[in-house]
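Everything below concerns the one structure shown next.
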Amino acid sequence: MAPAKVVLAGANGHGRHHLGILRDLTARGLVELAGVCDLRPAEVDFCTPLQSPDLGELIAKTGAEFTIICTPINTHADLAITALRGGSHVLLEKPPAPSIEEQRRIAEVVAETGLACQVGFQSLGSAAVPALRRLIAGGSLGRVRGIGGSGAWERPSAYFTRAPWSGRRRLNGVDVMDGALTNPFAHATATALALVDAPPHRRDRDRALPRPPHRVRRHLLRTDPAGGRARDHHRGHAVRARVGATARALPGGAR
Ligand SMILES: NC(=O)c1ccc[n+]([C@@H]2O[C@H](COP(=O)([O-])OP(=O)(O)OC[C@H]3O[C@@H](n4cnc5c(N)ncnc54)[C@H](O)[C@@H]3O)[C@@H](O)[C@H]2O)c1
C-alpha cells in the first residue's frame, strides 16, 4: 500500500511533536509528509516536503489525503474547512474551535464532504478509556455520580507570551478563547464525556435535565481564560473540570 500523503499545518510550535510522529510513521513506510503549511518556514530533517502558507494550494498540489491542523485556535475553522473542501481528512488540534458557531461551521462541511475530522484528544486513544467504560457500564465501579478531572501543569509567563493568541479571549476582534479550562482541560472534559454514555442511574435520570454534550463545551468556552471551575451535567452525570494550574504575574499586567 502506498504511504498516505499528509500535510501538516502549523509546524513550529506543538506541530514539532507531530513532526516527530510523522518521522516515525515515514520510517515505517506508512506516511509521506507531502507538505508543510506555516506562515514561517519550518525545519524538517527527514524529508523535503513542499512548503507554503496557503493550505488550499498545498493540498491541491500534493493531493494530500490527510491534513493535521496545529495552528492557533482562531484559525482552526477556516483551515479545517479549506482542508475538507480540498478533499482531505482532518486531524484538528484541540480545542476544535473558539465557539459553538465555528464548530458548527466545521461540522456542516464534514457532513457535506463525508470526510472525517478528528479532534486531537490523545487521551481518547488510551486503552484506559474503553476499560473504564466497561467497568462503569458493567456496574463494577458502583454508582457513578460524577467524573472529575484535575491537572497541575505549571504554565510560566513564557508560555503565555510565546504567541500573540496564547491566553487571549479575543485577538484583533476575533474570538480565540484560549485558557486553562478551554485548552488543557478540554482533554479532561472530552475524556469525561467519553466515559459516561452508560445509562444514568434511575435517580439521576429522574432529575431529567436535558444534557447535550455541547452544553458542557459551551459552558467551558465561556469560562474565564485565566482559570476557574466549570460544572455541568451530561447524561445524568456531573462533569467537572478543576483548574490546578499555577498562575504567575505577566510582565505588563493581566491580559
Ligand atoms: N494535543 C495537545 O496536547 C496539544 C498540546 C499543545 C498545543 N495543542 C494545540 O495545538 C494548536 C497550536 O498550538 P501551539 O502551541 O503549537 O501554537 P504556536 O502559536 O506555538 O504555533 C502555531 C504554529 O502555527 C503557525 N500558524 C499560525 N497561523 C497560521 C496559519 N493561518 N496558517 C498556517 N500556519 C499558521 C505559526 O507560525 C506556528 O508555527 C492549538 O490548537 C493548541 O491548543 C495541542
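The values are calculated or read from the model by the stated rules, or taken from the named source; none is laboratory data. On a predicted model such as this, the values are computed, not experimentally measured, just so you know. Note that each Cβ is placed from the backbone with ideal geometry, even for glycine, and that neighbours are counted across all protein chains shown. The protein model used for the area step is the full one, side chains on, heavy atoms only, and it has no ligands, DNA or RNA in it. Shrake-Rupley method; radii C 1.70, N 1.55, O 1.52, S 1.80 Å.
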*Every residue from region 141-172 that is out of contact with any helix residue (DSSP H, G or I) (no Cβ under 8 Å at 6 or more places or on another chain), of a type outside the set (Lys, Arg) and more than 16 Å from the ligand (Cβ to nearest atom)*: Gly142, Gly146
*Looking at (1) in contact (Cβ under 8 Å) with a residue 40 or more places away in the chain; (2) among the small types (Gly, Ala, Ser); (3) within 13 Å of the ligand (Cβ to nearest atom); (4) more than 30 Å from Arg169 (Cα to Cα), which is the only condition Gly35 fails?*
(1)
*Looking only at region 42-54, and only at residues there that are over 23 Å from the mean Cα position of the chain (by Cα) and of a type outside the set (A, V, I, L, M), the one that is surrounded by the most Cβ atoms within 10 Å (Cβ to Cβ)*: Pro49
_Only one of Ala188, Ala158 is among the aliphatic types (A, V, I, L, M) and either under 20 Å from Ser126 (Cα atoms) or at pLDDT below 80 (or both). Can you tell me which?_
Ala188
*Taking region 88-129 on its own, how many of its residues are within 16 Å of the ligand (Cβ to nearest atom), of a type in the set (A, V, I, L, M) and free of Cβ contacts under 8 Å to residues at least 60 places away in the same chain?*
5
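The rows are residues; the columns are (1) open to solvent by 40 Å² or more (accessible area, probe 1.4 Å); (2) out of contact with any Gly (no Cβ under 6 Å at 6 or more places or on another chain); (3) in contact (Cβ under 8 Å) with a residue 12 or more places away in the chain.
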| site | (1), (2), (3) |
| --- | --- |
| Met1 | yes, yes, no |
| Val7 | no, no, yes |
| Gly10 | no, yes, yes |
| Arg28 | yes, yes, no |
| Gly56 | no, no, yes |
*Please enumerate the residues belonging to region 36-74 that are among the β-branched types (Val, Ile, Thr) and assigned to a loop (DSSP other than H, G, I, E, B).*
Val44, Thr48, Thr71
*Does Gly139 satisfy the criteria of being in contact with a strand residue (DSSP E or B) (Cβ under 6 Å, 6 or more places away or on another chain), surrounded by fewer than 14 Cβ atoms within 10 Å (Cβ to Cβ) and small (Gly, Ala, Ser)?*
no
*Might you let me know whether region 16-24 holds any residue that is open to solvent by 70 Å² or more (accessible area, probe 1.4 Å), more than 16 Å from the ligand (Cβ to nearest atom) and in the same structural domain as Lys94 (by TED's automatic domain parsing)?*
yes
